[in-house]
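Written below as structure tokens is the structure these notes are about.
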Amino acid sequence: MISESFLSQIDRRKFLRILSFTGLAGLIYPSNLISSILNKPLSRIVTVTHDDATSGTLINEDKVHMMMDIGVRTLAQIDDSGEAWKSLLPDVNDSSVIAIKVNCAAPAVPSHPEIVNAVVEGLKLMNFGGSFFPEKNIIIYERSNYELQLAGFTINTSGTGVQCFGTDSSGVGYSSEFYDVNGSNQKLSTIVTQMADFIINLSVLKNHGLSGVTLCLKNHYGTCHNAIQLHGNNCDPWIPALNATVPIKGKQHLNIVDGLFGIKAGGPSGSPQFVANQLIMSKDIVATDYIGTELLKENGCLTANAAHHIATAAQDPYTLGTNDPTEMDLVNIYNPVTNIENQLASKGFQMKQNYPNPFGSNTQIEFYTPKRSDVRFTVFTDKGQKICEPINTTFSKGWHTISWDGKNTSKQEIDNGFYIGQLISKGFKKSIIMQKIR
Amino acid sequence: MNKYLLILLSLIFLIGIGCEKSESNEDEEVLTIEDLLVKDNEITGWSYSGVRWVANNITELTDYINGGAEIYQNHGFKEATQQSYNGTIENGTRTIQLFIYDMDTDENAKAVYDDPDLGLTGATEWLDGAGEEAHYVRFGGLSQKLSFYRDKYFILIDLNFDTDESLNIVKQFALNVDGKIQ
């Protein structure tokens, strides 16, 4: 099921690197091992960074579409883009309504329309018995039409095409029902309570003078009717409490931080102050915000330590996710190359993820050749250095299995870490990520 | 006859009072916070863009600047306005956002100016510039922020571009507003 085919073009100069959370937290043991010891599921977080995503203040739309596609497929661990999106939205069907909560509080640093378009294009790839997901069932929303327009969105309430409107739009409004948000009675947007079956939280990378940071968790302050009541004590625990309300918690399945640009000081308003060229995505909203906060810190944000609402969100009674790096399966993707999977898949070659993975002393890789073919399987480090070439021979049509003992060409056991396995045949090239642990 | 003379004198007296009151109002000439804004093209090449807003209470301010409003509330916010301007720098259209906050007292205005939550900690002092104190931050080619205070007013200017030339324009905006306050 897993095959990171976007690795199919390995460019050593712009090499795609996959690191565990150890790269971030400085820990020395792999997260999957910890998970197996603790028997706890890991929260998978994917970051995709591309140096060419922006140029000055301009956004390269092709690049961000590719970043989104790769990120979602990596997050879902499914090659097919449409299937990957479907897997992130459990039981979605072609009559579902998907709301995308954008953040337009700072018109100069909003959830960029280019990123939102990439999400929309991805959702439209979901195939249901031959028909694709209808774009009219997608709602881009924010608190007000005014904010959406300032950020570059076009209001559309026509019922055709992608819908885009604020809660203040005629006929929308807030719920009649109040929701208890840590003692504050809040009405929620009817886009969330009545219209949407799924919410995709698409936030921005910004600091906040009170809550420390404003990422996915804080984004829903634009979903409730009286957010000003929720700002005491660095917004803690009002932010977790808001996200724990039934409509939001129950419908929100994917969290994305638009980290192309960021605000590190004086936020949440203002102009871009640094370039990160990054998307962060996860089903775990707490883990998403944890990683986003780390990124803000790396870029000199001084208020990030005030963001204790993230830790609160991880704890009882909210338990919205994890802020513990040892419970995260973090995949960082740098400068991914153009995906050519679809062109190659049509030729009938297939390659599966190695099993077991992570592996200790041996792992196996299954592949299928549609005809008699020369096949070469090569292992590289994450820096592009060749480790070994376990297979370079001719195979007949059908399924085959490669076995690799985790040793280099000198028959020495390689170090723990992530390695790229690349299968090449005529007209076919595909790569997978393999993790070696002792 | 006396009756008509009395009415005439009364009318002259009332008109006189009316004129006196009118002159008195002109002398006082109460400015609104919007009068402090840089006018359309008052700085050559910089014209209004977007919709101006005025916030007369914290709820309205929150509607416009979201959670950032809390900082001003904490320091006695009374009223604010914002206007955006578009102009050209280095062949590209750039946007300046000018915020003027009436903080009710001089002390409140300075307190906001010094508040680290505004993100201007470590800013470069602009000596002999606008206001009683002024400083600015340049964000690596992307943007600039400048703030100052004068009397009860705190002013924040944000430009989505960063060059020496653009900094001069931001300073022109600051001096323009400062001149209107004085």
Straight-line reach from B:LYS171: which lysines have Cα under 21 Å away, leaving out those fewer than 8 places along the same chain?
B:LYS39, B:LYS110, B:LYS145, B:LYS152, B:LYS180
FRET efficiency for A:ASN392 and A:SER55, using Cβ-Cβ distance with R0 set to 35 Å, rounded to 0.05
0.30
Shape descriptors of segment B:33-181 over alpha-carbon atoms, Rg and Dmax in angstrom, are 14.2, 41
Sort all Cα-Cα distances of segment B:49-88 into consecutive 5 angstrom bins from zero, then give the percent of pairs in each bin up to the one containing the longest distance.
6, 24, 30, 18, 11, 7, 3, 0
If a paramagnetic tag sat 7 Å from the Cα of B:LEU31 along the Cα-Cβ line, which residues of segment B:88-114 would have the backbone N under 14 Å from that point?
B:100-103
Per residue convex hull volume, Cα only, segment A:111-151, in Å³ is 63 Å³
Taking R0 as 35 Å, what's the FRET efficiency between A:HIS225 and B:SER49 from their Cβ-Cβ distance, rounded to 0.05?
0.75
Please report the accessible area of A:SER425 (heavy atoms, 1.4 Å probe, ligands and nucleic acids excluded) in Å², nearest 10.
10 Å²
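Keeping all protein chains in place, calculate the accessible area per residue for chain A (probe 1.4 angstrom), answer in Å².
Ligands and nucleic acids excluded, the result is 38 Å² per residue.
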Set of aspartates and glutamates near A:LYS397 by C-alpha distance (under 20 Å), chain-local residues within fewer than 8 positions excluded:
A:GLU366, A:ASP374
In debye to the nearest 20, the charge dipole size for segment A:100-143, taken about the Cα centre with +1 at each Lys and Arg Cβ and -1 at each Asp and Glu Cβ, equals 140 debye
Using just the alpha carbons, could you tell me how many Å³ per residue the convex hull of the protein assembly as shown encloses?
193 Å³
Based on the Cβ-Cβ distance from A:SER158 to A:MET195, what FRET efficiency comes out when R0 is 22 Å, to the nearest 0.05?
0.90
If the viscosity is 0.890 mPa s and the temperature 25 °C, what translational diffusion coefficient in µm²/s does Stokes-Einstein give for segment A:143-275 when Rh comes from Kirkwood over Cα pairs?
158 µm²/s
With bins 5 Å wide starting at 0, give me the P(r) of segment A:287-337 over every alpha carbon pair, in whole percents.
5, 18, 24, 22, 16, 8, 4, 1, 0
Among residues of segment B:69-101, a drop of 40 Å² or more in 1.4 Å probe accessible area, assembly relative to the chain on its own, occurs for B:GLU70
Express the relative contact order of chain A as a whole percentage, based on alpha carbon pairs under 8 Å and six or more residues apart in sequence.
21 percent
Using only the heavy atoms of the protein chains and a 1.4 Å probe, how would B:HIS75, A:HIS220 rank by accessible area, largest first?
B:HIS75, A:HIS220
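Note the full-extension length gain between A:ASN93 and A:LYS352 as 0.36 nm times their separation in residues minus their Cα-Cα distance, in nm to one decimal.
90.5 nm
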Give me the one-decimal nm value for the distance between modelled label points at A:GLN315 and A:ASP62, 7 Å along each residue's Cα-to-Cβ direction.
5.0 nm
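The values are calculated or read from the model by the stated rules, or taken from the named source; none is laboratory data. Quick caveat, the model's predicted, so the values are computed rather than measured. We place every Cβ from the backbone using ideal geometry, glycine too, and count neighbours over all the protein chains shown. Areas reflect the complete protein model, heavy atoms only, side chains present, ligands, DNA and RNA absent. Shrake-Rupley method; radii C 1.70, N 1.55, O 1.52, S 1.80 Å.
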